[in-house]
Amino acid sequence: MAWAIALWCIGFAAVNLVYEASGRFSDGPLAEYGPALSVMTWLVVVLKVAGAGVALLSVTRRPIPVPANLLAVLVWGAFALLGLYTLGSVVQAVGMVTGLLGSADRIDAAAVGYVLFFLAGAVGYGVLAVSHSRRSATPTAPVLLGVLGAPVLLGVVLVAVPALLTALGVMPH
């Protein structure tokens, strides 16, 4: 499972690298956001590669330089972050279907695949988190810290970093 999740993360990071290498946001309607999207791309690539490492470290039997409780925070955080993001996408889809949040016309096979992709990651990290916690007899505090820290990291990536980029003049207002 850990190798599958690590590959999931690396594949997901590769998409960002292809976007960056292709200059996808250099032209067109998002061109003015290009520099900010480039910063965000590299930030999420680092997070995704780190996520691959967390997945692999969570199952290794070799001595690692990361304390078991810190690793528990990270693997539970990855599970909670992906779970929260998936839940948010499902809530958005329900809102669209009910007419509360835009039109359901935007829900197509690609959108459903996108949500299922994140759900697969969340389930995979959930399995790794439970397995790691059982093997290392993780106390409750690291689990809670990981789960409660996930919304903070999501907020940093989706709100705080764009706000900082706007304040620095990298992203337009």
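Read-outs throughout are calculated quantities, based only on the coordinates presented, and are distinct from any laboratory measurement. Remember, predicted model here, so these are calculated numbers, not experimental data. Glycine gets a Cβ as well: all are built from the backbone with ideal geometry, and neighbour counts include every protein chain shown.
For LEU144 and LEU70, calculate 0.36 nm times their separation in residues minus their Cα-Cα distance, and state this gained length in nm to one decimal.
Working it through step by step, the gained length comes to 25.5 nm.
What dipole magnitude, in Debye to the nearest 20, does the chain give about its Cα centre under +1 on Lys/Arg Cβ and -1 on Asp/Glu Cβ?
With Lys and Arg at +1 and Asp and Glu at -1, about 740 debye.
Using +1 at the C-beta of Lys and Arg and -1 at the C-beta of Asp and Glu, which of GLY53, TRP42, SER131 has the Cα lying farthest in the positive direction of the dipole of the range 1-168?
Positive-most Cα among the choices belongs to SER131.
Rounded to the nearest 10 degrees, what's the angle between the helix 68-97 long axis and the longest principal axis of the chain, both from Cα atoms, 0 to 90?
Once rounded, the angle reads 40 degrees.
So if we plug the beta-carbon distance of VAL123 and LEU30 into 1/(1 + (r/R0)^6) with R0 = 35 Å, what FRET efficiency do we get, rounded to 0.05?
Given R0 = 35 Å and the Cβ-Cβ separation, E is 0.65.
Show me 151-161, 72-82, 3-13 ranked by packing, highest mean number of other Cβ atoms within 10 Å first.
Output ranking for 151-161, 72-82, 3-13: 72-82, 3-13, 151-161.
Using only Cα atoms, find the angle between the long axis of helix 109-136 and the longest principal axis of the chain, and express it within 0 to 90 degrees, rounded to the nearest 10.
20
How far, in nm, would the chain grow between LEU164 and TRP3 when pulled straight, counting 0.36 nm per residue and subtracting the alpha carbon separation?
Values: separation 161, 0.36 × 161 = 57.96 nm, distance 3.47 nm.
Working it through step by step, the gained length comes to 54.5 nm.
Taking the mean number of other Cβ atoms within 10 Å as a proxy for protection, how do you rank 139-146, 110-117 from highest to lowest?
The most tightly packed comes first, giving 139-146, 110-117.
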